[in-house]
Amino acid sequence: MLVDSLGLLSRSRAYQVRRREPRYVHSIPVTLRRYLRFGPVATRGVCLDISMRGMAALVCGPPRVGETVVIELPIPDALIETLATVRHSSEARSGFEFYPLASPAEKVIRDWIQELRKSEEKLFPFVFTVVMHGNR
């Protein structure tokens with residue numbers, strides 16, 4: 001499901017959240033490789049949402065804000081590894097901003113996100129109508 005500001009649907013918010021890229025809810029297992037003082041550590045987690053610029057995940061043993069990690073995303077038909085910076089982190093979720101992606105990885109993620117968008121448009125057509133066309 002598209003995670004974005006839907007102020008038209010929820011009147012209780014007093015502010016609008018604007019993102020550079022829409023995020024799409026999708027749960028896939030991810031692996032984070034962290035490089036700590038005593039050596040590399042692999043940490044397992046679950047992706048919560050993803051965009052072309054980053055993702056949010058529930059991670060066992062949340063990383064520190066500002067830490068650089070390697071994220072392994074098992075996208076259908078591909079395994080993407082990318083560097084990311086931890087932008088926020090708590091026991092509930094962590095947010096990651098991807099470093100600039102290599103062209104092949106960017107294409108695979110873009111194609112995957114397009115598939116996610118198509119399936120969400122079928123499941124939630126009203127939400128996409130409101131987001132795309134506003135309150136006409």
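The values are calculated or read from the model by the stated rules, or taken from the named source; none is laboratory data. Please read these numbers as outputs of a predicted model, since none were measured by experiment. Cβ sites come from the backbone with ideal geometry, for glycine too, and all protein chains shown count toward neighbours.
Each row is one residue, and each column tells you yes or no for (1) surrounded by 11 or more Cβ atoms within 10 Å (Cβ to Cβ); (2) at pLDDT below 90; (3) on the phi < 0 side of the Ramachandran plot.
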site	(1), (2), (3)
ASP4	yes, yes, yes
PRO22	yes, yes, yes
ILE28	yes, no, yes
LEU36	no, yes, yes
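Here segment 82-97 is the region considered, the condition is being among the hydroxyl-bearing types (Ser, Thr, Tyr) and in contact (Cβ under 8 Å) with a residue 24 or more places away in the chain, and the residue that is farthest from TYR35 (Cα to Cα) is SER90. Does at least one position in segment 105-115 carry a residue that is acidic (Asp, Glu), assigned to a helix (DSSP H, G or I), in contact with a helix residue (DSSP H, G or I) (Cβ under 6 Å, 6 or more places away or on another chain) and free of Cβ contacts under 8 Å to residues at least 24 places away in the same chain? No. Residues that are under 13 Å from the mean Cα position of the chain (by Cα) and among the β-branched types (Val, Ile, Thr) within segment 83-121 comprise THR85, VAL86, ILE109, ILE113, listed in sequence order. Scanning segment 78-96 for residues that are part of a strand (DSSP E or B), surrounded by 13 or more Cβ atoms within 10 Å (Cβ to Cβ) and of a type in the set (D, E, K, R) turns up just one, ARG87.
Each row is one residue, and each column tells you yes or no for (1) in contact with a Phe, Trp or Tyr (Cβ under 9 Å, 6 or more places away or on another chain); (2) of a type in the set (Gly, Ala, Ser); (3) at pLDDT below 95.
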residue	(1), (2), (3)
ARG53	yes, no, yes
GLY66	no, yes, yes
ALA78	yes, yes, yes
SER90	no, yes, yes
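Taking segment 19-77 and the strands (runs of 3 or more DSSP E) fully enclosed by it, the elements with 3 or more residues that are farther than 20 Å from GLU115 by Cβ are at 29-36, 39-50, 68-73.
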